[in-house]
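Read the structure below first, then the notes.
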Amino acid sequence: MKFTVITIFPEYFAPLSLSLIGKAIEKEALEFETIDLRKFAPGNRRSVDDTPYGGGAGMVMSPEPWGDAIDEVLSKNEGVLDLVFPTPAGSVFNQRTAESLSTSNHLVFACGRYEGIDARVVDFYRAHLRIRLHEISIGDYVINGGEGAALVTIEAVARLIPGVIGNPDSLLEESHNEIGEVEYPVYTKPAIWRGLAVPDVLLSGNHGAIQNWRRDAARKRKGAQNGRE
Ligand code: ADE
């Protein structure tokens, strides 16, 4: 799978060179590139934004550099691609979204800043035959730009690609969680730490009993979480 990120802050994505995703990029299980939006901005100032029509606070990202940058991605790549606009107004991202995006050959992120991107950009590319367009929010809060949301989305999607996670069994266990159970609590040595003991059943060697305990503990955790909302 290939990831392309269009952004005014390419350095924001440096953390992707760490850990399992970095290794996957190195061994070419994943391809990753950033495109600097300012390359497509006119004039010496390389400005990518302007004041909003109708007035109001803040700045809006101009459509021209976005159109030119996305057109370049289309011209340099073949076939259908998934174009993701991270926005707090999008549909809320979850594990099902990650699974669905992980079937893509090419995920392209358009990271807006300021008050957002001129709305005609989404309207234009939604109608494009080679694009499946997604507007995605990582939660009901506002961060300073799409970059943080793109990082979260990339990490959630990339770890589902074969060859990225060292132990694919950890994905299998998660896939049992489709009904929305959170995972069970986990323990390692020592068996007693600061007077707190690991649950006896986990030391019993009884796999059936362990499975039942983990299922119940995951449900209890989920119940406690909902109670907090
Ligand atoms: N940009 C700003 N806030 C965001 C959010 N919550 N999700 C996705 N993109 C964003």
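A few points about this structure:
- Selection of region 203-227 for residues being of a type in the set (A, V, I, L, M, F, W, C), at pLDDT below 95 and either in contact with a Lys or Arg (Cβ under 8 Å, 6 or more places away or on another chain) or under 16 Å from Tyr187 (Cα atoms) (or both) yields only Ala218.
- Tally of residues being under 18 Å from Asp36 (Cβ atoms), at pLDDT 95 or above and not hydrophobic (A, V, I, L, M, F, W, C) across region 66-117: 9
- When residues in region 105-126 are screened for being touching a helix residue (DSSP H, G or I) at 6+ places or on another chain (Cβ under 8 Å) and either in a loop (DSSP other than H, G, I, E, B) or open to solvent by less than 80 Å² (accessible area, probe 1.4 Å) (or both), 11 of them pass.
- Condition check for Gly139: near the ligand (Cβ under 7 Å from one of its atoms), open to solvent by less than 50 Å² (accessible area, probe 1.4 Å), at positive phi and more than 10 Å from the chain's Cα centre (by Cα): yes
- Of all residues in region 145-169, those being more than 16 Å from the chain's Cα centre (by Cα) and either within 16 Å of the ligand (Cβ to nearest atom) or small (Gly, Ala, Ser) (or both) number 2.
- Meets criteria (open to solvent by less than 70 Å² (accessible area, probe 1.4 Å), touching a strand residue (DSSP E or B) at 6+ places or on another chain (Cβ under 7 Å), touching a residue at least 60 places away in the same chain (Cβ under 8 Å) and small (Gly, Ala, Ser)) for Ala149: yes
- Selection within region 28-47 - outside any strand (DSSP E or B), open to solvent by less than 80 Å² (accessible area, probe 1.4 Å) and closer than 17 Å to Asn77 by Cβ: Leu30, Phe40
- Residues being more than 16 Å from the ligand (Cβ to nearest atom), assigned to a strand (DSSP E or B), open to solvent by 10 Å² or more (accessible area, probe 1.4 Å) and out of contact with any helix residue (DSSP H, G or I) (no Cβ under 7 Å at 6 or more places or on another chain) are represented in region 48-65 by at least one member.
- Test: residue in region 127-140 that is of a type in the set (A, V, I, L, M, F, W, C) and at pLDDT below 95: no
- Qualifying residue in region 16-27 (condition: in a helix (DSSP H, G or I), hydrophobic (A, V, I, L, M, F, W, C), open to solvent by 70 Å² or more (accessible area, probe 1.4 Å) and closer than 29 Å to Gly163 by Cα): yes
- Cβ pairs under 8 Å, 6+ apart, first in region 1-14 and without any contact (Cβ under 8 Å) to a residue 40 or more places away in the chain, second among the polar types (S, T, N, Q): Pro10/Thr34
- In the set Thr97, Thr87, only one residue is open to solvent by 10 Å² or more (accessible area, probe 1.4 Å), among the polar types (S, T, N, Q) and assigned to a strand (DSSP E or B); that residue is Thr87.
The values are calculated or read from the model by the stated rules, or taken from the named source; none is laboratory data. Nothing here was measured: the structure is a model prediction, and the numbers come from that model. Please note: Cβ atoms are built from the backbone with ideal geometry, for glycine as well, and neighbour counts cover all protein chains shown. Surface accessibility is based on the protein's heavy atoms, side chains included, excluding ligands, DNA and RNA. Shrake-Rupley method; radii C 1.70, N 1.55, O 1.52, S 1.80 Å.
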